[in-house]
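**Q** Dropping a structure here in structure tokens format, bear with me for questions.
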Amino acid sequence: MSTPIPNGPQLARTDRPRAAALRVLRALAAAPAPVTLAELTARLGGHPNTTRAQLEHLVADGFAEEATRPASGRGRPARAYAATIAGRQVAMEDDDRDNAGALVEAIAEHLVGTPDPVAAAHSLGRAWGRRLAAADGADLIGVLAAQGFTPEVDHDGIALRTCPLLTSAQQWPEVVCAIHQGLIDAVSPQPRRLLPFAAPGACLIRPA
């Protein structure tokens, strides 16, 4: 019997694969479906044994997983690889995200003791979002991915699979989630509402 997935996202990973493995991981994350060793080698160049070694490191560290493709004829199904949720997070995010996240987490802790922490947190989030959008020139999906949220577009909105401030969000959800709502309000061209811990394995963003 499988263990139910709790509501809310995973904690964003702060460790990183080494540079060569990260290059392979980004190729996996960019692929729309699991890819074989031969396909990865064709995309990245180099020797298959080199790519295989990086895949083994990624699988061992939880950034990638093995998958099997349906057999197209006789013989065993081809072995393929895909990025995990943690792998997609690391592959898409900004390299400087950790330092910014630590600062925002410290500010959130400070805001808890202010007279109107939710309003202050929302204002902070809007200011943060405006700076991120101006610096990156990215849309909401791009900004969220760069900050470690691993966004996935679903049938009626966006699912956030990881959270860089999950520990603080669990401790002070009103404040931390207000920061994230402010970020969304600043970047999104249309009104959207953050629904914290609303689904198994994700927070949700829906049209307001």
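Read-outs throughout are calculated quantities, based only on the coordinates presented, and are distinct from any laboratory measurement. Being a predicted model, the structure only gives us computed values, none of them experimental. Neighbour counts run over all protein chains shown; Cβ positions are idealised from the backbone, glycine included.
**Q** Between the stretch 1-38 and the stretch 158-208, what is the separation of their alpha carbon centroids in Å?
**A** Going from one Cα centre to the other spans 21 Å.
**Q** Out of residues 5 or more away from ALA67 or on other chains, whose amide H comes under 5 Å of its own, with H placed 1.01 Å from N in the peptide plane?
**A** ALA80, TYR81, ALA82
**Q** Translational diffusion coefficient of the stretch 139-208 at 37 °C, 0.692 mPa s, Stokes-Einstein with Kirkwood Rh over Cα pairs, in µm²/s as a whole number.
**A** 275 µm²/s
**Q** Ranked highest first by average number of other Cβ atoms within 10 Å, how do 142-151, 50-59, 104-113 line up?
**A** Ranked from most to least packed, the peptides come out as 142-151, 50-59, 104-113.
**Q** Whole-Hz ³J(HN,Hα) for each residue in the stretch 145-151, computed from phi via Karplus 6.51 cos²θ - 1.76 cosθ + 1.60 with θ = phi - 60°, x for glycine and proline: what do you get?
**A** 5, 5, 8, x, 8, 6, x
**Q** What is the helix-to-structure angle for 19-30, meaning the angle in degrees between its Cα long axis and the longest Cα principal axis of the chain, kept from 0 to 90 and rounded to the nearest 10?
**A** Roughly 80 degrees, rounded to the nearest 10.
**Q** Now for a different question. In what order do TRP172, TRP128 fall by count of nearby beta-carbon atoms within 10 Å, going from fewest to most?
**A** Lowest to highest Cβ neighbour count: TRP172, TRP128.
**Q** Work out the FRET efficiency for GLU66 and ARG193 from their Cβ-Cβ distance, taking R0 = 30 Å, and round it to the nearest 0.05.
**A** Calculated transfer efficiency: 0.20.
**Q** Can you tell which of GLY182, ALA199, ALA27 lies farthest toward the positive end of the dipole of the chain, using +1 and -1 charges on the Cβ of basic and acidic side chains (Lys, Arg; Asp, Glu)?
**A** Value: ALA27.
**Q** Moving to a separate point now. Quick one: give the max-minus-min coordinate of the C-alpha atoms of the stretch 1-72 along each principal axis, largest first, in Å.
**A** Rounded to whole Å, the extents work out to 41, 36, 19 Å.
**Q** Could you check the spin-label model distance between THR50 and ALA38? Points 7 Å from the Cα along Cα→Cβ, value in nm.
**A** About 2.1 nm, to one decimal.
**Q** Neighbouring Cβ atoms within 10 Å as the yardstick, rank LEU103, LEU28, LEU140, LEU195 fewest first.
**A** LEU103, LEU195, LEU140, LEU28
**Q** Let me ask something additional. Could you work out the percent of alpha carbon pairs in the chain separated by over 32 Å, rounded to a whole number?
**A** Every Cα pair in the chain considered, those over 32 Å come to 24 percent.
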